[in-house]
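To start, the structure itself, in structure tokens.
The values are calculated or read from the model by the stated rules, or taken from the named source; none is laboratory data. Everything numeric in this text was worked out from a predicted model, so none of it was measured. FYI the Cβ positions are ideal-geometry reconstructions off the backbone, even for glycines, and counts take in every protein chain you see. These accessible areas exclude ligands, DNA and RNA; they are computed on the full protein's heavy atoms, side chains included. Shrake-Rupley method; radii C 1.70, N 1.55, O 1.52, S 1.80 Å.
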Amino acid sequence: MDELTEIYKRIEYLRNNGVKMKEIADRVDMAPSVLSALYSSVLPAYIDLLKTRTPDEALDEALALVNNVSKKRLLNNVGSVRLLLQEMEPEVPGEAESGNSFIKLLGKESKESVQEVFNYSGIYLSYSLSSSTDSLKIEPYMICASENNEYVKVGMINAYKSVHWGSGIISNHQNSYLMFNERDLPQFALVTIYLQLPHYEFPNMLKGLYLCLDYNHNPIARRIVLVKQSDCTDVHKFLEMEGRLVPKAELTPELEVYYNYTCQEGDYIKTCTVPSPKLDETDLEREKKMLKI
């Protein structure tokens with residue numbers, strides 16, 4: 001991540017945690033109007049233009065949107081501004097006012113992930129083992145920024161044509177979490193897909209673990225591979241797609257590669273509830289026998 005992107009994310013973090021723009025401007029010795037122009041116009045445009053431009057070209061085009069920011073002064077001070085912002089922390093509220101710190105962390109990470117999602121945005125087909133049959137499950141996914149750019153939006157169409165929407169968190173270019181509810185409201189059944197992100201930009205394939213509940217609400221985990229089909233993030237085109245199950249006997253050579261990776265012994269982990277008035281060591285053995293049936 002370059003210094004200008006770091007500056008934008010740090011300002012966003014401070015703003016989201018109650019620090020006023022004037023306080024930030026005073027800290028970095030910058031006029032509030034200049035800092036506001038950077039934060040609201042220049043830096044968001046710069047980050048977006050980096051998808052198709054060199055950093056220098058992206059900065060020139062972004063600066064053209066305002067008339068009160070000097071490129072020379074900005075570049076001369078970018079290092080010191082970044083360091084000053086890193087040293088600045090929002091005031092920590094009292095314990096009684098802090099609320100659930102984990103939920104706040106999720107909200108913070110969700111907002112910051114929007115700045116990284118362009119690297120993974122698009123429509124994918126996922127490949128994993130069906131939890132009900134010995135089949136390769138193929139399901140469409142869409143990853144993109146939400147309409148208001150407040151969070152990473154994730155859509156999934158399962159093999160039974162149900163559509164589910166959720167959110168994603170992209171952390172430090174190494175891993176990502178896609179999360180959504182797999183049951184009709186008001187039920188809640190969290191699905192979490194943990195993805196290991198490759199160390200290069202605009203990957204064509206993502207892989208990880210699919211963690212969810214089966215139809216009896218027993219937890220299961222299996223491998224999953226997401227293969228990009230398009231950079232398109234049009235919801236209407238996404239909703240025209242369908243998921244499906246492909247039995248082993250009907251696999252093409254191309255699909256067999258994904259079946260062999262996701263559907264072999266050891267690629268599917270499951271537990272179940274043992275019908276016992278108590279849980280002890282003997283029930284552990286019974287559970288393993290039940291899962292073989």
Requested in this report: Please work out if Asp48 is among the acidic types (Asp, Glu) and surrounded by 15 or more Cβ atoms within 10 Å (Cβ to Cβ).
Outcome: yes
Restricting attention to region 191-210, the residues that are open to solvent by 30 Å² or more (accessible area, probe 1.4 Å) and either within 20 Å of Ala145 (Cβ to Cβ) or over 15 Å from the mean Cα position of the chain (by Cα) (or both) number exactly 5
Checked Ser110, Ser41, Ser132, Ser101 against criteria (open to solvent by 60 Å² or more (accessible area, probe 1.4 Å) and closer than 23 Å to Gly18 by Cβ); the one match is Ser101
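So is Leu4 aliphatic (A, V, I, L, M), exposed (fewer than 14 other Cβ atoms within 10 Å of the Cβ) and either in contact with an Asp or Glu (Cβ under 7 Å, 6 or more places away or on another chain) or part of a helix (DSSP H, G or I) (or both) or not?
So Leu4 does not fit the description; no.
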ask   = Got at least one residue in region 275-290 being over 30 Å from Leu125 (Cβ atoms) and touching an Asp or Glu at 6+ places or on another chain (Cβ under 9 Å)?
value = yes
Is it the case that Ser70 is more than 24 Å from Phe118 (Cα to Cα) and open to solvent by 40 Å² or more (accessible area, probe 1.4 Å)? yes
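Yes or no, residue by residue, for (1) open to solvent by less than 90 Å² (accessible area, probe 1.4 Å); (2) out of contact with any Ser or Thr (no Cβ under 8 Å at 6 or more places or on another chain):
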residue: Leu226; (1), (2): yes, no
residue: Asp234; (1), (2): yes, yes
residue: Glu242; (1), (2): no, yes
residue: Glu281; (1), (2): no, yes
Those residues of region 244-254 which are in a strand (DSSP E or B) and open to solvent by 100 Å² or more (accessible area, probe 1.4 Å) amount to Arg244
A careful count of residues in region 24-55 that are more than 23 Å from the chain's Cα centre (by Cα) and in contact (Cβ under 8 Å) with a residue 60 or more places away in the chain gives 2
Counting only residues that are out of contact with any Leu (no Cβ under 8 Å at 6 or more places or on another chain), open to solvent by less than 20 Å² (accessible area, probe 1.4 Å) and of a type in the set (A, V, I, L, M), region 211-224 contains a total of 0
Out of (1) modelled with pLDDT of 90 or more; (2) under 22 Å from Leu129 (Cα atoms), the one Asn216 does not meet is (1)
Exercise for review: Evaluate region 224-243: report whether one residue or more is over 19 Å from Gly168 (Cβ atoms) and hydroxyl-bearing (Ser, Thr, Tyr).
Suggested key: no
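May I ask you to list the residues in region 166-186 that are touching a strand residue (DSSP E or B) at 6+ places or on another chain (Cβ under 8 Å) and more than 23 Å from Met205 (Cβ to Cβ)? Let's see the steps before the verdict.
Our first condition is that a residue be touching a strand residue (DSSP E or B) at 6+ places or on another chain (Cβ under 8 Å); within region 166-186, this holds for 166-171, 174-182.
Matches in region 166-186: Asn181, Glu182.
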Exercise for the section: With respect to Tyr177, determine if the residue is on the phi < 0 side of the Ramachandran plot, in contact (Cβ under 8 Å) with a residue 24 or more places away in the chain and either assigned to a loop (DSSP other than H, G, I, E, B) or of a type in the set (Phe, Trp, Tyr) (or both). Expected result: no
Is it the case that region 139-147 has a residue that's over 15 Å from Thr233 (Cβ atoms), surrounded by 16 or more Cβ atoms within 10 Å (Cβ to Cβ) and over 10 Å from the mean Cα position of the chain (by Cα)?
-> yes
Notebook entry, point to check: In this structure, is Asp29 open to solvent by 50 Å² or more (accessible area, probe 1.4 Å), charged (D, E, K, R) and part of a loop (DSSP other than H, G, I, E, B)?
Noted result: yes
